[in-house]
Amino acid sequence: FPDTIPLTRMDSCAGGTFRIGRNWSGANSSFFGVLDEMCLYNRVLTNQEILNIYNSCPQLPIISLVGNTTFCSGDTLVLNSSYNTGNIWSTGSNANSIRVTQSGIYTVSVSNANCVSTSDPVVVTVIQKPATPVITPNGPTTFCSGNSVILSSSSTSNNLWSNSSTSQSITVSQSGTFSVVVNNSICSSTSAPITITVNPTPPTPTISVQGPTTFCSGNSVTLSSSSNSGNTWSNSLTSQNIQVTQSEAYRDWE
């Protein structure tokens, strides 16, 4: 039974000493009896929380997060309950943890013979990723130096190419692997890479003549390319040297 002297409010005695079961102000007025199962809270409890304690309900479960509550489609968020067992998630799972891939409001409950305690809700928002962009070249992706190819993204906006360009199309004149990312400010999608190969142009071949270029029928002249290989003559021969017996203008390509 309490002493007949009224207790001073704890929050009205600045600089006092905190006492449990005794007057806050330090006066000789204490409770008679035994204090059992004391709990200290750093906030004001809600009416429901007080009722749960009165009814001996389980302590409210707390959900901890591994990840962000707002994320892109294809990613996941892990929700962990503060209880190892006895969980009843709003998804129907009884595990300690659940993986969330869809938008929604998630809670977890625990119960005993008296009542059910339910956690604060966790609101999850899943943002849809933009469509994966596709790169289309306007010509061959392997060509000789001095030429180029235009690569175009299937997305008309929000493009970021691997060469830092933000236009829908880029002109490529050097070898490399190129990709494009489309971003909607929260989520992004990346194209499959495309490889461009630019071959160096070989030196211009020269033709040397072994003999006069004007002669009588029945004779011939040998023409030689300065390149040992890769030759294609204007008469379709591919050797380094050809023997000419007819009048014609001859040219060698490499």
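The values are calculated or read from the model by the stated rules, or taken from the named source; none is laboratory data. Note that the structure is predicted; figures quoted are calculated from it, not measured. Because the Cβ atoms are built from the backbone with ideal geometry, glycine has one as well, and the counts that use them run over all protein chains shown. For the accessible areas, the whole protein counts, side chains as well, though only heavy atoms, and no ligand, DNA or RNA atoms are used. Shrake-Rupley method; radii C 1.70, N 1.55, O 1.52, S 1.80 Å.
Observations on the model:
- Contour minus Cα-Cα distance for Cys72 and Thr214 (0.36 nm per residue): 43.3 nm
- Order of exposure, largest accessible area first, which applies to Glu248, Glu49 with probe 1.4 Å: Glu248, Glu49
- Fraction of accessible area attributable to carbon and sulfur, the stretch 111-254 (%, probe 1.4 Å): 49
- Label sites at Ser82 and Thr132, each approximated as a point 7 angstrom past Cα along Cα to Cβ, lie 4.3 nm apart.
- Cα centroid of the stretch 103-144 to Cα centroid of the stretch 181-254, whole Å: 56
- Surface exposure of the stretch 123-254, expressed per residue as accessible area with a 1.4 Å probe, stands at 61 Å².
- Extension gain for Glu49 to Thr141 (0.36 nm times residue separation, less C-alpha to C-alpha distance): 26.3 nm.
- Global form of the stretch 168-207, assessed from the alpha-carbon gyration tensor, a/c cut-off 1.5: prolate
- Three-way shape label, the stretch 56-105, alpha-carbon gyration tensor, a/c 1.5: prolate
- Ligands, DNA and RNA aside, Ser64 has an accessible area near 60 Å² when probed at 1.4 Å.
- Whole-number accessible area per residue in Å² for the stretch 50-101, which is evaluated in the context of all protein chains at 1.4 Å: 59
- Approximate spin-label separation Thr171-Arg99, in nm, with each point projected 7 Å along Cα-to-Cβ: 4.8
- Across the stretch 63-111, the mean sequence separation of Cα contacts (distance under 8 Å, 6 or more residues apart), normalised by length, yields a relative contact order of 36 percent.
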